[in-house]
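Derivation of every value follows stated rules applied to the coordinates shown; laboratory data play no part. Worth saying up front: this structure is predicted, and the values here are computed from it rather than measured. Here the Cβ is made from the backbone with ideal geometry for all residues, glycine too, and neighbour counts use every protein chain on show.
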Amino acid sequence: MTEAFNPYPDRLSRMSQRKYSLLVKAVCVVVGLTASLTAQQPPETDPVLILRADAQRRADWATEWLRSEDPLRIAWGAWLARQDHQTALIPLLIEKVKQYQPVEEFSSQTAERDRHDALLAVLDALIELGAIVPVNEAHRLYPEFAAQSLILLVRSQTDAHSALFEIFHKARMNRNWLAVGNVLVKRLPPGFAALLLARFTQHMTVLVFDPHSGGDFASGGGECGFSPGVPKARWPSVGVYVLTQFPERLGLTATFLVGGDTAVYYWRVEPGYDNPPDAPSVCDDGNRDQYRAQYLNRLVQSSYPRINLESYPKITISWEGETDYRGRLLAAVEDQRVDFRRAVALLQQSGEVLTPTEAAALKPRLEIVVLDERTDRSTPLPPALENETGVAVRTSFTNPLY
């Protein structure tokens, strides 16, 4: 059979090749555009799907997103850096900290809120990656990110004492204040001892009871907890941080931060994007005067005879009449004053811890609660300290919890 004659075989072949080439180019453009959009758009699905990509692809995504100005992309980039332990991305994470402008008063406006939440993810990654952040950058974040700022400052390998001392003046939450104090008491920056002594108040409780009836103080306690937040749609999970001196509570794993007579730890939880502020807590947050007493007793621990400053001394007095009561109460107050004066004198003698000018301005401060537990209260307890300066006294008939 004779093959059909084709007068233009080469022309048809060339046309087919051109069509095929155009088709290949079109496919490549679509694939390239899809890849580009995928790299730019943070995944809005289960994070497990992201982790199915190979390690290099995830690293490329994280790098590109951390170079973005979009808060959502930044958050996902920080999440990937933390999830994959990409320590090579620490410089990009620190750069985001440097670019962030803290606000004096937090606003609920969407754009500002998104910037705040993106930095939560950045700080979470930096802490989990063990990064060292420049002191100035960590310090200026304190008003908005108190716990994260302190974790990074305590971890700093450079001199953070000036920044920590400034926070020591203004920290509102006792556990944050305690973490800073635990660092400073080991370094003793100028003014530290004077600040402790000037703000140290001894809270004396005097229990007056009938002869042969005994007399005892009740006890109680409390706990600190978290208020669960709400997950943020389309955003990655993020850890927020809270310092604690009670690591055994809540059943959470606590991470050691800084040692001391009362060590401080921190919890990392993922309740949502509600970052705890540095504000007084309604839960049991410790007692600042108790911690001041610990610091001061450490500073005078070499004294002889030993000085033991008590923040909450408790005195019991058996009612044997007005004269005996006045004498015992005045003697108890004087004992506390003597210890305070001895502590001031000892620290001044060191020449570095307390200056003569600082020492001259220091006076003992006492708040006294007298608990009248006598059966017969028809005769009020006589005033005994009405002319004493630096002493506040009140009388109660109810034994509170201690």
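For the pair segment 96-156 and segment 334-353, the centres of their Cα atoms are 40 angstrom apart. Net charge of the neighbourhood of Ser303, taken over other residues with C-beta under 14 Å away and scored Lys/Arg +1, Asp/Glu -1, is +3. Please compute the net charge surrounding Thr375, taking Lys and Arg as +1 and Asp and Glu as -1 over other residues with Cβ under 15 Å from its Cβ. Once all neighbours under 15 Å are counted, the net charge is -3. The simple Förster model, with R0 at 56 Å and r as the Cβ-Cβ distance, assigns Arg234 and Ala198 a FRET efficiency of 0.65.
Pull out a ≥ b ≥ c, the square roots of the eigenvalues of the alpha-carbon gyration tensor of segment 257-341, then state rounded if a/c is under 1.5, prolate if not and a/b is larger than b/c, and oblate in the remaining case. It is oblate, given that a/c is not under 1.5 and a/b is not larger than b/c.
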